[in-house]
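Working notes, structure below.
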Amino acid sequence: MTEREIPEQYLDGYAHILAEVAATGRRLTRDEIASRRALGERAAEAGLGLRSLVSAHLSGARGAWPRGAAESADAALAAVQQVVDAFAEGYERAQRLAVRQEEAARREFIDDLLYGRSDLGRLAERAERFGLRLSHEHAVAVAQGVAAYDEGDPVPRQVERALISRFGDRSILLTTKDGRLLCIAPGHQTEVLTYFAKQAHAATDGGQVAIGRPQPGPGGVVQSYEEALSSLEIAERLGLDDPVLRAADLLVYPVLARDRQAMADLVHNTLGPLTTARGGAQPLLDTLTAYFDSGCVAAEAARRLSLSVRALTYRLERIHKLTGANPSDAAHRYMLQTAVIGARLLDWPAGEL
């Protein structure tokens with residue numbers, strides 16, 4: 001829109017102000033400045049461009065420019081400066097308010113989306129405003145770093161720039177929640193979340209990223225989000241340090257943890273005797289963890305524990321004697337390994353079963 005297309009209502013009273021100022025040399029009154037700010041706010045709300053509005057004011061000044069003494073022209077020029085300054089202030093104030101309202105609406109939508117607190121039909125309608133079509137499958141990736149992040153922080157902006165530069169507008173929503181970075185993307189665009197994980201891991205100085213499984217429908221986002229959060233929690237309990245966790249690869253752990261009492265009974269009955277060992281159960285539990293994590297290869301487990309193979313073998317024999325289950329025997333191994341996973345999930349022996 002050019003200055004000729006700017007509606008006259010946004011220049012209302014402008015020529016009269018310039019004429020009076022040129023005639024009297026006075027400055028604008030408080031009411032006149034307030035009226036310019038109000039017009040600036042209205043122009044911003046109407047979606048008019050500030051550049052064209054300023055151009056229209058300058059054209060209006062040229063039309064009303066005083067003929068005569070230099071003092072009159074100088075006063076008129078000062079008035080133009082006051083008018084444009086007040087108008088731009090009002091315009092910017094309206095824009096800041098609009099941005100805050102948009103941010104608040106976006107934050108409310110994200111909270112409703114991730115907590116499933118809104119009517120799903122209404123939620124799907126609101127989602128289209130932010131580029132999501134909730135009738136399709138979506139997956140969520142969650143990145144957790146050493147610090148907590150808000151949307152305006154440098155780290156989220158850095159990751160967002162990288163995603164936009166690589167993929168453009170692909171119905172991707174990047175946000176933060178509870179100090180973590182989140183990326184919501186269509187379920188079939190696995191490359192988006194993989195790239196997000198790479199960028200977020202680097203930007204958060206080695207933070208861990210979990211990716212939930214693609215889930216369909218308006219409620220699919222919150223399901224995928226909860227899977228990603230659960231994966232981060234499992235990784236923390238089990239001491240998994242993989243930079244990228246995929247919920248699809250960790251499904252066994254929620255299954256094992258679903259019946260807490262049954263798992264507690266297994267841990268108590270299988271590993272409980274280890275508490276009678278000199279030094280307590282923890283060193284022997286660490287031995288089993290390293291042994292199973294290394295594929296039951298004694299030399300590799302010993303290296304991970306900084307032990308000799310002989311010392312490791314002695315510990316395995318001690319475990320066999322106390323529990324009656326032999327870690328090297330395939331018939332006993334599954335029960336022991338499941339109990340070890342349960343102990344880590346339940347924080348045993350530090351926590352009460």
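The values are calculated or read from the model by the stated rules, or taken from the named source; none is laboratory data. Source: prediction; values computed, not measured. Cβ placement follows ideal geometry from the backbone for every residue including glycine, while neighbour counts extend to all protein chains displayed.
Residue check: is E151 out of contact with any helix residue (DSSP H, G or I) (no Cβ under 6 Å at 6 or more places or on another chain), at negative phi, surrounded by 18 or more Cβ atoms within 10 Å (Cβ to Cβ) and not hydrophobic (A, V, I, L, M, F, W, C)? Against the criterion (out of contact with any helix residue (DSSP H, G or I) (no Cβ under 6 Å at 6 or more places or on another chain), at negative phi, surrounded by 18 or more Cβ atoms within 10 Å (Cβ to Cβ) and not hydrophobic (A, V, I, L, M, F, W, C)), E151 does not qualify. Among the residues making up the range 227-251, those that are free of Cβ contacts under 8 Å to residues at least 12 places away in the same chain and either farther than 15 Å from R344 by Cα or part of a helix (DSSP H, G or I) (or both) are E233, E236, D249, L251. Can you tell me how many residues in the range 21-66 are within 36 Å of the chain's Cα centre (by Cα) and either among the aliphatic types (A, V, I, L, M) or buried (at least 18 other Cβ atoms within 10 Å of the Cβ) (or both)? Total satisfying the criteria: 7. Cβ separations smaller than 8 Å between residues 6+ apart or across chains give no pair from the range 175-188 residues that are on the phi > 0 side of the Ramachandran plot and surrounded by 24 or more Cβ atoms within 10 Å (Cβ to Cβ) to residues that are at pLDDT below 95 and in a loop (DSSP other than H, G, I, E, B).
Please go through the range 78-93 and give me each residue that is under 13 Å from A61 (Cβ atoms) and among the hydrophobic types (A, V, I, L, M, F, W, C), ordered by number.
Taking the range 78-93 and keeping what is under 13 Å from A61 (Cβ atoms), we get 78-84, 87.
Within the range 78-93, A78, A79, V80, V83, V84, F87 meet the criteria.
Here G90, G121 are screened, and the one residue that is modelled with pLDDT under 80 and in a helix (DSSP H, G or I) is G121. Put simply, of A298, A247, A262, A277 the only residue that is at pLDDT below 95, of a type in the set (A, V, I, L, M, F, W, C) and under 34 Å from the mean Cα position of the chain (by Cα) is A247. Selection over the range 327-345 of residues that are outside any helix (DSSP H, G or I) and either over 18 Å from Q282 (Cα atoms) or at pLDDT 95 or above (or both) gives a count of 2. Considering each residue of the range 293-313 in turn, at least one proves to be out of contact with any Pro (no Cβ under 8 Å at 6 or more places or on another chain) and within 21 Å of V255 (Cβ to Cβ).
I'm trying to understand the selection: among the residues of the range 147-167, which are under 16 Å from T194 (Cα atoms) and hydroxyl-bearing (S, T, Y)? Once the filter is applied, which keeps residues that are under 16 Å from T194 (Cα atoms) and hydroxyl-bearing (S, T, Y), the range 147-167 yields only S165. Based on what the data block shows, is R304 basic (K, R), closer than 30 Å to T194 by Cβ, in contact (Cβ under 8 Å) with a residue 60 or more places away in the chain and outside any loop (DSSP other than H, G, I, E, B)? For R304, the condition - basic (K, R), closer than 30 Å to T194 by Cβ, in contact (Cβ under 8 Å) with a residue 60 or more places away in the chain and outside any loop (DSSP other than H, G, I, E, B) - is not met. Within the bounds of the range 159-170, is there any residue that is at pLDDT 90 or above, closer than 25 Å to L240 by Cβ, exposed (fewer than 14 other Cβ atoms within 10 Å of the Cβ) and within 14 Å of the chain's Cα centre (by Cα)? Checking the range 159-170: not a single residue is at pLDDT 90 or above, closer than 25 Å to L240 by Cβ, exposed (fewer than 14 other Cβ atoms within 10 Å of the Cβ) and within 14 Å of the chain's Cα centre (by Cα).
Answer yes if at least one residue in the range 269-285 is without any contact (Cβ under 8 Å) to a residue 40 or more places away in the chain and under 22 Å from Q208 (Cβ atoms), and no otherwise. No. Of the helices (runs of 4 or more DSSP H) entirely within the range 1-74, those holding at least 3 residues that are at pLDDT below 80 occupy 50-63.
Working carefully through the options L181, L174, find the one that is under 24 Å from Y115 (Cβ atoms), in contact with a strand residue (DSSP E or B) (Cβ under 8 Å, 6 or more places away or on another chain) and at pLDDT below 90. Don't jump to the end; show me each part of the working.
Details: L181 fails: at pLDDT below 90.
Among L181, L174, only L174 is under 24 Å from Y115 (Cβ atoms), in contact with a strand residue (DSSP E or B) (Cβ under 8 Å, 6 or more places away or on another chain) and at pLDDT below 90.
Within the range 313-331, identify whether any single residue is closer than 30 Å to D205 by Cα, surrounded by 15 or more Cβ atoms within 10 Å (Cβ to Cβ), out of contact with any His (no Cβ under 7 Å at 6 or more places or on another chain) and of a type in the set (D, E, K, R), and answer yes or no. No. For the range 264-271, state whether one or more residues are in contact with a Gly (Cβ under 7 Å, 6 or more places away or on another chain) and closer than 30 Å to L134 by Cα. No, that holds for no residue. The residues of the range 189-214 that are surrounded by fewer than 19 Cβ atoms within 10 Å (Cβ to Cβ) and out of contact with any strand residue (DSSP E or B) (no Cβ under 7 Å at 6 or more places or on another chain), listed by number, are Q189, T190, E191, T194, K198, A202, D205, G206.
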